Structures are given as C-alpha cells and as structure tokens.
Amino acid sequence: MNDLLFEIGTEEIPAGFLNPAAEQLQLLFEAKAEKRNILFESIKTFSTPRRLALLVCNLAERQRDSLEISLGPSRAAAFDADGKPTRAAEGFARSKGVTVAELSVVETPKGEYLQLTREVKGQSSSALLPGLLQELILELSFPKSMKWGSYHNTFARPVQWLVALLGDTVIELEFEGVPSGRLTKGHRFMASGEKEIARASEYEAVMESVSVIADFTRREQAVFEEVNSALSSTDFPATAAVAVDQQLLQTVTNLVEKPFGVCGRFDDKFLQLPKDVLVTSMREHQKYFPVVNDKQDLLAGFVAVNNTGVKDIALTREGHERVLRARLEDALFFFESDKKVRLEERREKLSGIIFQAKLGSVKEKVDRVVKLTRLLCEHLEPEIVHIACRGAELCKADLITDMVGEFPTLQGIMGSAYALHDNEDKAVAEAIREHYMPMRSGADLPVSAAGAIVGLADRIDTIAGCFGIGQQPTGTADPFGLRRLSLAVLHIIEDRRYELLLPDIMQKALALYGDRVDGSGETVDSIISFIRNRFNNDCTARGMDSRAVDAVTSVVFEDVNDCLKRIEAFSDMKQDASFEVLSASFKRVRNIVKDNSDTAVEPGLFEADAERELWEAFQVLELSTRKGLENKDYPGLLADMLELKNPIDRFFDEVMVMAEDQQLRRNRLNLMTAVGNLILEVGDISRMHAA
C-alpha cells in the first residue's frame, strides 16, 4: 500500500471558498474510490490561499475483485421447443465473450432468465487514478468560477501547478495544459521557488520547510497563538484580551499560509463611536481583531495578522495603524454628521429609495409595517402598541445615513444609536435594532417584544408583497431571501409563544398593498404552502419525527405553536403499540372513503352489532374531541382515540362496507367518513403508519 497525494496549486483563492472546497474534495474522492472498489485507510485534506490538496493514506494497490452479474433474455426466449439455444441466447453470450454453456438459468420475480456470473479481477490503482483525479478537478465547484485565456474549463482561480504522487511515483495527468509532477511551490514571499516532493507521505513536512502550514486546523491554532502573542508583547493592561470572533478567525486563517501577528493602537477619540462601528471597521474591512478589557469594553487597540514575517515590526505596525486611522476618521465624520439630522426627518426621505419596482418605495413599506405592527400588537402585545409602532416608524430611517451607506451591516444598529441620541424611548431604540434579528439561521432572536413584533411585521410585509406579484422563490433562486425570512417568522413566533393565525395575517398584509398585488385566496394558499414547507424542513432538521410533522401539517397549518404541540403529542404517542395498529386501520379507512364526503349517518339502518359499537364509540369520542380541541389537550385526544382501535377492527372483520344494497353501503361509508373526519381534526394518523 502507498499514500496518494494530489495538490492543485492556484492563484489566491477567496477565503470563503476554501473550507467548502476542501470538504467537497474529500467527499468526491470517497465517492469515486467507492465506485471503483478502491480501499484506503484514511484521508486528510489541506487548503491554503494557493492550494487545495488531499493525502490518502494506505491506498490499496489494486481494486477489489468483484462478481459481474449480467441478466440476459428469459428462458422462454433463450431456448426453443427442443431446448436448443435461440439467436437471443447466442447473441447475449457472444456480447459477453462466452458460450451459451457458460450461462446459467436463475429464478427472478419475473420468471426464469439466463444469467452470466463471473469474477472480475481488479485493475491496479495506478491505472485508475489518472482518470479519477482528472474527474476531481473537473467536478470541484465554487460559488464563483472563472475561465482564463483559451482554456475550456473553469476553476476558482487559474491553476498554476499540479502534484500527483502515489508513493514516490508521479501519476500522469493534466488540466488545461498544466501537467502533473512532483514540484510544488512554497510561500509566495518567504519561499517563492519550486520544491520537490519525493514521497506523498512527506507532504506536510515539505510544506513546513517552505513556510507553509498546509493543515487548516494547525494554521488556525497558529493564528490564534500569534494574535495573543502579539498582544502580550505590548504595554496594554494585563486584563486586556483579544476578542477572537470565530468567523473572523476562520477567514484570517484562509488568508495566510503562515501567520505573523502585530498589535497596533488607535486614538482614544475614536472610542466615542458605537462599539459596533469600531468592530465593523476593524473586522469587516481590515480583518483586524479588536482588543477588549475584562468587561468586554473596547480598548484603543487591535491585532492584525500578516502573511509574511517582517524585519521592522514598528514600520509594519505604523502601516496598519495608518490604514485603520483613515477608516475611523471617516466613520467619526459620518457619525457626527448623521447626528445633526433626526431620524424622524430622515423617515420622510425614504420615499426616494425603491423597495421593489412593483411594490413601491421604502417609505411606503414602512407605512405598511406600521399598520401591520399595530394589528399584531392589538392581538399579541396590546400593552406595547405605542412603543412598537414608533419603532416601526423609524426602523428603516438609518438606511439613508452616511454611516449605513459606508457600513451596510450596521443598519438597525445605527438606527438604534441615533434614536437614543434623538431622545427616543430606549425601548423604541431597542426595537429598531432588534427588528433585523435573527440575521441568519441559528442567530440570536429579538429579546424585546417590540423588536419581535416589528421584525414580524417587516418580514410578513416582504413575503406577502413578493408572492403578491409572483416573485416567489424558484429552484435555488431566492432574490429576496424569502426562505430565510420565513424561517425567521417561524422562529420568532415559536420563541415568543404567540398564537397567530398565519393565513389571517397574510391576508391582511396583502390587503395593505391594495391593487398592487394579487390578494386572492390562491396567493394566501401559496404563501402558507411555502411557509409550511420551511416549517417541515426546519422541524425535521431539528430532529423531530418526520412522520409526526407530516401527520400534523398535512391537515392543519395555521398556528405555529399549536402545530408544535400536536407534533409533540404524535411523537410521544407513537411509542404505544396500539397507536401503530390504529394508524394502520385509519389508513384503511382513508383509502375506503377517499371518494365519499357525506357524514350523515342513520343508526336505524345498522344491521350488525359492530356498526352500533363503532357508532357509539364515535359519539363518545366526538364529545371528548370538542373539549380536547378547545383545551388543546392533544395527548389526551390521541389517548382517547385509541378507544376506536377495537371497534374499527371489529367493524372491518364483521361488516361488508361495500354492500350491494346502495342505502346500506352509503350509510356505512358515511360512518367511516365521519370517523375519519373526526380524527383528522387532530392530525392524519394514517401518516404515522410505518409501512
């Protein structure tokens, strides 16, 4: 067995592309090796700005031997009445390079057929790897790829070199004129020449020798250590620490091949800026780590990470400080300038910003959001109507500030800061900031009720408007992020435990657009179907029983928290063996009555005791169901439904539903339909059946 090394050397690849590409490289190789029956012990990937690589340990020298089974014509077609092979049998044998005598007759679900079974010797791995590695590089995908020169294939960045080694032997292949070999390249600035790799297993050591830490995890740890070491070499207080954001740490790790930290300072006057402004200036634009004290307050310092060592650290520090100073001077100017105009005055100017061509301006959107906020508050949070509506009035006013124009990610945050400067209520400022939360899946939800309500109103308005003009997502295209907005609506409602009927609020949101949108029931149904799909996917992703989710939402999806209670009840009840039997019986009921909708039952037409027993059980259950639904006692309702198991089973055993007498048949179908409809008021139990 030998180790396999495959390295793709490129121009600098964007930091955000690297980790997904490395993971994809491993998954592609594993799938292709499995398809070719090539065994290996383990696999490890490497990625830096200039390379993607994988090292496969102890790759088998040959494919595993396999059995090739080929099914031929049926026995009837393969032999004539005298038992002699027909042209069909001979043709099949000839196509496989064997004689008819080497074929066997096997029994299949479709009858007897001719079959060829033979052992196929595995090819050598060295013969298969050129094609496999060629497929890897061709099938790697990136968020954005490019084609350069006269080349035919795309990649994230131009490919500069390829290394392909099996042990100490070069695997020959090429990509767009770039041949494979054993020559790699080191750090662009610290070891810019070529370096030979003698054996695949020496890859990491060779990379270390040319100032490259190829392993992402080790390089990330090195960045972390460099950042903290750079701070410790300064005269900041002992309680000072670097605020290491995990996402920034990953980004910086993918920007360097070997990290070198340097700590700098900025003027204390910039500390008057809101914390988020300072952090955004450092983190998003310069990729600097902020310095904080033991209370997490910002100090006038930062740590930068370079991709190369320097002789004059003071000169490097000065360069970083000069670049950041220019950014912060701009931010301070914008901040002071913005405060001269109240948010209330800016709100009127939102009419100059288009929300969506067919849906009007942002000012018009804000007016609708205010009305939706009032509707939601009156139903869910009547005591905060004034606060929430004021927050809604000002929630988008910061979009035309200079600060948000320079730092778009600060929308809401700056609105909150400027609201406090304008002496708005603190709760109003909080609502402005929180109405954008959650920013992404899994992010923090609004803490305040006002922030939650305004956030719901804002998202519901966007969802309704886009569906109203036929701009719903298709395939992977979702230009308005409606999937993300829908999940945010679901999570906020769940978190606040709101009782909110989605069809009603969507209908009202559409009505606020007037004749600009299609506000029909079909549009509402499309919206609810879309949100229901997001809900189902989200519940399943969170580990909820998919059958329980389907059983509930296939019947009812209006109140999110009510659905969650039903799902929990279904999930708990499935442990009861009797419930599984009942779900199977109910599935049979649904199949029988699928074309019947009448539920009028005439007890006088009953002929069998089994009919009367089921009718009596139904009447008892009907009373308990009304009370249970009113109290939302779904576990109790499902437990009561188990009382139907024996009557339904006996009914099917003793009663001919499809009787020849039309009156009897109709009465029995109506009884089944009534029972089925009653159960459906809780959920479709038939979907809980395992088969």
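Within region 350-360, does at least one residue satisfy the condition of being in contact with a Ser or Thr (Cβ under 8 Å, 6 or more places away or on another chain), at pLDDT below 95 and open to solvent by 80 Å² or more (accessible area, probe 1.4 Å)? Yes, that holds for at least one residue.
The residue pairs whose first member lies in region 123-148 and is farther than 14 Å from PHE175 by Cβ and among the aromatic types (Phe, Trp, Tyr), whose second member is open to solvent by 60 Å² or more (accessible area, probe 1.4 Å) and assigned to a helix (DSSP H, G or I), and whose beta carbons are closer than 9 Å, counting only pairs six or more residues apart or on different chains, are PHE142/PRO20.
What residue, among those in region 114-133 that are farther than 30 Å from ALA88 by Cα and among the hydroxyl-bearing types (Ser, Thr, Tyr), is farthest from the chain's Cα centre (by Cα)? Here the residue is SER124. Note on region 403-432: among residues that are in contact (Cβ under 8 Å) with a residue 12 or more places away in the chain, under 15 Å from ARG390 (Cα atoms) and not hydrophobic (A, V, I, L, M, F, W, C), the one that is most open to solvent (accessible area, probe 1.4 Å) is ASP425.
Residues in region 392-402 that are assigned to a helix (DSSP H, G or I) and either within 33 Å of the chain's Cα centre (by Cα) or crowded, with 24+ Cβ neighbours inside 10 Å (or both): ALA392, GLU393, LEU394, ALA397, ASP398, LEU399, ILE400. Which one is nearest to VAL517 (Cα to Cα), of the residues in region 440-457 that are buried (at least 23 other Cβ atoms within 10 Å of the Cβ) and touching a residue at least 40 places away in the same chain (Cβ under 8 Å)? So the residue we want is ALA457. Of all residues in region 530-557, those being open to solvent by 40 Å² or more (accessible area, probe 1.4 Å), under 22 Å from the mean Cα position of the chain (by Cα) and of a type in the set (Ser, Thr, Tyr) number 2. In region 363-391, the residues that are open to solvent by 50 Å² or more (accessible area, probe 1.4 Å) form Cβ pairs under 8 Å with partners that are of a type in the set (S, T, N, Q) and modelled with pLDDT under 95, at six or more places apart or across chains, as follows: GLU364/SER351.
Would you check which residues across region 548-573 are of a type in the set (A, V, I, L, M) and either farther than 15 Å from ILE528 by Cα or part of a helix (DSSP H, G or I) (or both) and list them? Result: ALA548, VAL549, ALA551, VAL552, VAL560, LEU564, ILE567, ALA569, MET573.
Would you check if there is a residue in region 461-478 being among the hydroxyl-bearing types (Ser, Thr, Tyr), more than 22 Å from the chain's Cα centre (by Cα) and open to solvent by less than 60 Å² (accessible area, probe 1.4 Å)? No, region 461-478 contains no residue that is among the hydroxyl-bearing types (Ser, Thr, Tyr), more than 22 Å from the chain's Cα centre (by Cα) and open to solvent by less than 60 Å² (accessible area, probe 1.4 Å).
Sub-9 Å Cβ pairs linking a first residue in region 325-342 that is touching a residue at least 60 places away in the same chain (Cβ under 8 Å) and of a type in the set (Gly, Ala, Ser) to a second residue that is part of a loop (DSSP other than H, G, I, E, B) and open to solvent by less than 20 Å² (accessible area, probe 1.4 Å), at least 6 apart or interchain, are ALA331/LEU273; ALA331/PHE407; SER337/THR401, ordered by first then second residue. Report yes if some residue within region 85-93 is modelled with pLDDT under 85, open to solvent by less than 50 Å² (accessible area, probe 1.4 Å), outside any helix (DSSP H, G or I) and of a type in the set (S, T, N, Q); otherwise report no. Checking region 85-93: not a single residue is modelled with pLDDT under 85, open to solvent by less than 50 Å² (accessible area, probe 1.4 Å), outside any helix (DSSP H, G or I) and of a type in the set (S, T, N, Q).
Among the residues of region 558-577 satisfying the criterion of being crowded, with 18+ Cβ neighbours inside 10 Å and closer than 20 Å to VAL675 by Cβ, which is modelled with the highest pLDDT? Here the residue is ARG566. Can you work out which of the residues in region 511-527 that are more than 18 Å from ALA357 (Cα to Cα) and of a type outside the set (Gly, Ala, Ser) is most open to solvent (accessible area, probe 1.4 Å)? Going through the qualifying residues, I end up with GLU522.
Looking only at region 2-25, which residues are touching a helix residue (DSSP H, G or I) at 6+ places or on another chain (Cβ under 9 Å) and among the aliphatic types (A, V, I, L, M)?
Passing the criteria: LEU4, LEU5, ILE8, ILE13, ALA15, LEU18, ALA22, LEU25.
Of all residues assigned to region 94-102, none qualifies as being outside any strand (DSSP E or B), in contact (Cβ under 8 Å) with a residue 40 or more places away in the chain, exposed (fewer than 14 other Cβ atoms within 10 Å of the Cβ) and of a type in the set (Lys, Arg).
When you scan region 299-308, do you find a residue that is touching a residue at least 24 places away in the same chain (Cβ under 8 Å), touching a strand residue (DSSP E or B) at 6+ places or on another chain (Cβ under 8 Å) and open to solvent by 70 Å² or more (accessible area, probe 1.4 Å), even just one? Among the residues of region 299-308, not one is touching a residue at least 24 places away in the same chain (Cβ under 8 Å), touching a strand residue (DSSP E or B) at 6+ places or on another chain (Cβ under 8 Å) and open to solvent by 70 Å² or more (accessible area, probe 1.4 Å), which makes the answer no. The strands (runs of 3 or more DSSP E) located wholly in region 112-214 that include 3 or more residues which are open to solvent by less than 60 Å² (accessible area, probe 1.4 Å) and closer than 23 Å to ALA15 by Cβ occupy 159-166.
The values are calculated or read from the model by the stated rules, or taken from the named source; none is laboratory data. Treat the numbers as computed from the prediction; the structure is a model and nothing was measured. Ideal geometry is used to build each Cβ from the backbone, glycine not excepted, and the neighbour counts take in all protein chains shown. Side chains included, ligands, DNA and RNA excluded: accessible areas come from the protein's heavy atoms. Shrake-Rupley method; radii C 1.70, N 1.55, O 1.52, S 1.80 Å.
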